[in-house]
Amino acid sequence: MNRYLYPEAAKELRVEESWLRRHIKELPHSKKGRVVTFTDADLERIDALFHHEPTVGALALVPAPAPGAHPLANLRPLPSRGSAVRTG
């Protein structure tokens, strides 16, 4: 069982160490004295708790393009800023 200190855990989770320290009360971890450690299971739970894929909007997952199609073929430009603003 691997045990990670703040720097290693932050690297594994791809977050800033300061983020881990600020949110430590909300995160699964172990503590002996002043030494905080994270196990592999803790890191998996943290990732599951705080990693959310968008379900709507421009960043939502879209179906994979057909084989042979260009990978960006289904992208569409955003509407111009002026067309999104409606005045009553």
Mind listing whichever residues of segment 1-31 are open to solvent by less than 50 Å² (accessible area, probe 1.4 Å) and touching a Ser or Thr at 6+ places or on another chain (Cβ under 6 Å)? SER30
Which one is farthest from PRO7 (Cα to Cα) among residues in segment 72-88 that are open to solvent by 90 Å² or more (accessible area, probe 1.4 Å) and either at pLDDT 95 or above or under 27 Å from the mean Cα position of the chain (by Cα) (or both)? PRO79
Within segment 32-48, is even one residue open to solvent by 100 Å² or more (accessible area, probe 1.4 Å), within 17 Å of the chain's Cα centre (by Cα) and either at pLDDT below 95 or under 28 Å from VAL15 (Cβ atoms) (or both)? yes
Scan segment 9-25 for residues that are in a helix (DSSP H, G or I) and without any contact (Cβ under 8 Å) to a residue 12 or more places away in the chain and jot them down. ALA10, LYS11, GLU17, SER18, TRP19, ARG22, LYS25
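The values are calculated or read from the model by the stated rules, or taken from the named source; none is laboratory data. Predicted model, so just to flag it, every value in this text is computed and none were measured. Cβ sites come from the backbone with ideal geometry, for glycine too, and all protein chains shown count toward neighbours. These accessible areas exclude ligands, DNA and RNA; they are computed on the full protein's heavy atoms, side chains included. Shrake-Rupley method; radii C 1.70, N 1.55, O 1.52, S 1.80 Å.
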